[in-house]
1. Determine which single condition B:Pro592 fails, assuming it passes every other condition in (1) within 30 Å of B:Ser557 (Cβ to Cβ); (2) surrounded by 15 or more Cβ atoms within 10 Å (Cβ to Cβ).
2. All but one of (1) of a type in the set (A, V, I, L, M); (2) over 23 Å from B:Ala467 (Cα atoms); (3) in contact with a helix residue (DSSP H, G or I) (Cβ under 8 Å, 6 or more places away or on another chain); (4) in a helix (DSSP H, G or I) hold for B:Ala598, so report the exception by its number.
3. So B:Ser335 ticks every box in (1) in contact with a Phe, Trp or Tyr (Cβ under 9 Å, 6 or more places away or on another chain); (2) surrounded by fewer than 24 Cβ atoms within 10 Å (Cβ to Cβ) but one. Which box is left unticked?
4. Can you name every residue in region B:410-427 that is assigned to a helix (DSSP H, G or I) and surrounded by 24 or more Cβ atoms within 10 Å (Cβ to Cβ)?
5. Taking region B:214-251, which residues are part of a helix (DSSP H, G or I), modelled with pLDDT under 90 and in contact with a Pro (Cβ under 9 Å, 6 or more places away or on another chain)?
6. Sort out which residues of region B:374-408 are among the charged types (D, E, K, R) and at pLDDT below 90, and write them in order of number.
7. What number goes with the only condition from (1) modelled with pLDDT of 90 or more; (2) under 21 Å from B:Gly364 (Cα atoms) that B:Trp424 does not pass?
8. On the basis of being under 24 Å from B:Leu615 (Cβ atoms), in a helix (DSSP H, G or I) and out of contact with any Pro (no Cβ under 9 Å at 6 or more places or on another chain), does B:Leu382 make the cut?
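The values are calculated or read from the model by the stated rules, or taken from the named source; none is laboratory data. Just so you know, these numbers come straight off a predicted model, no measurement behind them. Cβ sites come from the backbone with ideal geometry, for glycine too, and all protein chains shown count toward neighbours.
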Amino acid sequence: MTSTLDQVGLQHYLAVGAIMFAIGLIGFISRRNLILMFLCTELMFQGVVINLVAFGGFVGFFAGLAFTIFVVVLAGAVASLAVGLIVLLFRHKATLDADAWRELRG
Amino acid sequence: MSELWTVQHSYLIPLLPLIGAAIAGFFGARWLRGGSHWPIWLGVGASAVLSIVLLLQTVALLGQGSHAGTDPAHPPLGAANPSVSAPVKLFTWIAAGDPSKAGTNQYFVADAAFFFDPLTVTMLCVVCGIGFLICVFAAGYMRGEEGYWRFFAYLGLFIFMMCCLVMGDNLIMLYLGWEGVGLCSYLLIGYYYQKPSARDAAKKAFLVNRIGDFGFGVGIMLAFAAFGTVSYFGADGYGGTNGLLEAAAHPETLSEFQRQVLWWLPFLLMLGAFGKSAQFPLYVWLPDAMEGPTPVSALIHAATMVTAGVYMIARCGTLFVGNDAALMTVAFIGSFTALLAASIALRQFDLKKVFAYSTISQLGFMFVGVGVLAPVAGVFHLVTHAFFKALLFLSSGVVMHAMLGHLDMRQMSGLKAVLPKTRWLMLIGCLALAGVVPFAGFWSKDEIVAAAWHASPLLGAVMLLTALLTAYYTFRLYFRVFEGPRVVPDTPHPDHHGSHEHGDSSGGAGSGHGGHHSHEPAIMILPLVFLAIGSVIAGVVLWQGHRLGHFLGHSPSFVTAGELATATFNPKAADEHHLVNPLGFGLHDTRPAELQQAEQRSHYVFMLLSTVIALAGIAVAYTLHLRDRPKADRLALRLSGIARAIENKYWVDELYQASIVEPLRRLGQAFYAMDRFVVDGLVWLAGFIPQLGGFILKLTTQRGYLQGYALSMVLGVAVILFVVFL
């Protein structure tokens, strides 16, 4: 008998990854809350990582899996830094709105 | 000749001064300091000894040769003049092209090679021998100068370059030495580089020489293009047919193109000679070159470097003698320069300037010598002139040294009381320059005048007139400076380099009353004594029985040139008086005996005539500048127009300034403006446009909205993906 899971192919994984990436991207562009923007970048990270895992699993190319570990660890490091930065920014202006920092013109 | 040990070790002659120069240059500033002259003394001295040994050996070799002939009294032309020469190849310097096509203009080869013959040996003795005496003098003259080591390093380099020039076996070596001595001349004229006038003089000398060297360089290229070689006689020495001069000696074997080139070649080469030897259009640098220290004026600008042009024409005589127009140009320019410079020397007041114009004038004599088919006379005058002009310059150096830098003859008089030895030395030099029997200048000048008269009486007359002027200006200087009431300048000249003064003259007011302080240190007087001996005897010794002529006649250059001249001009001669005089090339005289005797007689008449002329010049100078000095001033006042023209050197410098230098400067300024505003403007514009674009983008898009940046990044990625994948 074939379980439902057996019918899940590479395309499905890629589609989930792409959707996650797209949601993250749209979120990043449309929201102005710093924390939300940061979460959206994490979402994009995971979308890409799903791609890597899917290719690694289906093609049998384990470098993709190893790479995923790196990305996840890196994302954790980035998260700690980014949240710290956001806390600092919040202390300055008492708001999480990215537009509050417009005069930096970065 | 190649069996002589001096020839086998001939590389030492240029190398030793070079090593000396390197030691003085690298170790002089820190360690040798006041002893910097030692490496140069040793190097140049050793070279001088080698040169003189080489000379004696060559003379001995020729002595053996003359007994070998069957009939030494009347041998045929060729056999009577067995040329003596030796090529010495050190290494191949430049080789380019296809070696299988050697001998054509597809394969260029220039060896670092020497060519020894009597001409080279004579020149080497002049360069190294007189050069050594001047180096000795310089140690006394330059004592305590700033940059003492630098001076001697340049001197050593100069001797090296001059040796390359006279020893080289091809035009490229000649050119190397030619440019090398030009460089040393530049460096030494500008020795006092803190003085703007010295810097300008150095630049002027270098630039004016460039004009001449341009012609010379083009000439070398043309010679290679036509004949496929730049070597005088080929790598195998004289005797083959693969050298430039050997090819030119047989005009009947040449192609049409080669004959055309042969016609133009002498004009290009003589342009170089006129630059280096300060002849008419290009003479203006030599008087200014007197900004250099006096030993430099003596060595470079009187005795050796400026005679390089004469050497070049004598060496390449074969290229010249087949060409009537070239010979005439050389003789004409030489005589014109001689007269012009002698007339300018009449009213110069600076001792060194007088001698500078005198040098130009005497070089003109040499050019007349080589131009009228008498290169022997030209080289003879070169040798004697080297002695007496070096003597005169160095004597005026002693005067300058004693007079705290003053050289203006209006400010000094009666120096015979202050400088008794120098007075006698200067007198000997002046007598030799004026051409009084039996001093050196008389014999050589007389030979040139006789040859000029033989070629064209007008030319001879110009030469005699110049001789008269020479005697006058020489003794004007002598009578003004050394005779008459004693007048001594007592304040140092503004240009005077205080260090000229010796440590023992600590009073400062040493000039004039110097009882304890010697103005004439032995180190400066001794070399002058040797030069004075040369100025007295060199003429008669070398003239006696055409000694120098017969010696030089064994040079392949003179043999080929003489034979070519005979073959070219004798068929055209109207009568036997117009036959080419083989003695002019040091060759055996084959003309009818009675003609020779008649010529001998006319030569004696000339000697008498030129003696009378010299004495007349001296007498005029005596009247005007010793017995009745106010009369000279009155005369100058009466002829103020002429006097002013002469004092201003006929405004030649001003003319050049207005007609050449100023237009060139304007052109340079135009080019500068072009570069500054058009070219630089375009470059600046190319940098400004992206800047402007960036500025506009910054104002319009960089507005601080994080989302905007993200959106444009996404769009950018989309565009890239679109471009890449579609």
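1. (2)
2. If we test B:Ala598 against (1) of a type in the set (A, V, I, L, M); (2) over 23 Å from B:Ala467 (Cα atoms); (3) in contact with a helix residue (DSSP H, G or I) (Cβ under 8 Å, 6 or more places away or on another chain); (4) in a helix (DSSP H, G or I), just (3) comes out false.
3. With (1) in contact with a Phe, Trp or Tyr (Cβ under 9 Å, 6 or more places away or on another chain); (2) surrounded by fewer than 24 Cβ atoms within 10 Å (Cβ to Cβ) applied to B:Ser335, the lone miss is (2).
4. Taking region B:410-427 as the starting set, the residues that turn out to be assigned to a helix (DSSP H, G or I) are B:410-411, B:420-427.
Listed by number, the residues that qualify are B:Thr422, B:Met426.
5. Once the filter is applied, which keeps residues that are part of a helix (DSSP H, G or I), modelled with pLDDT under 90 and in contact with a Pro (Cβ under 9 Å, 6 or more places away or on another chain), region B:214-251 yields B:Leu245, B:Glu246.
6. Quick first cut of region B:374-408, residues among the charged types (D, E, K, R) only: B:389, B:408.
The one that is among the charged types (D, E, K, R) and at pLDDT below 90: B:Asp408.
7. Among (1) modelled with pLDDT of 90 or more; (2) under 21 Å from B:Gly364 (Cα atoms), B:Trp424 violates only (2).
8. Details: under 24 Å from B:Leu615 (Cβ atoms): no; in a helix (DSSP H, G or I): yes; out of contact with any Pro (no Cβ under 9 Å at 6 or more places or on another chain): yes.
Criteria not met by B:Leu382.
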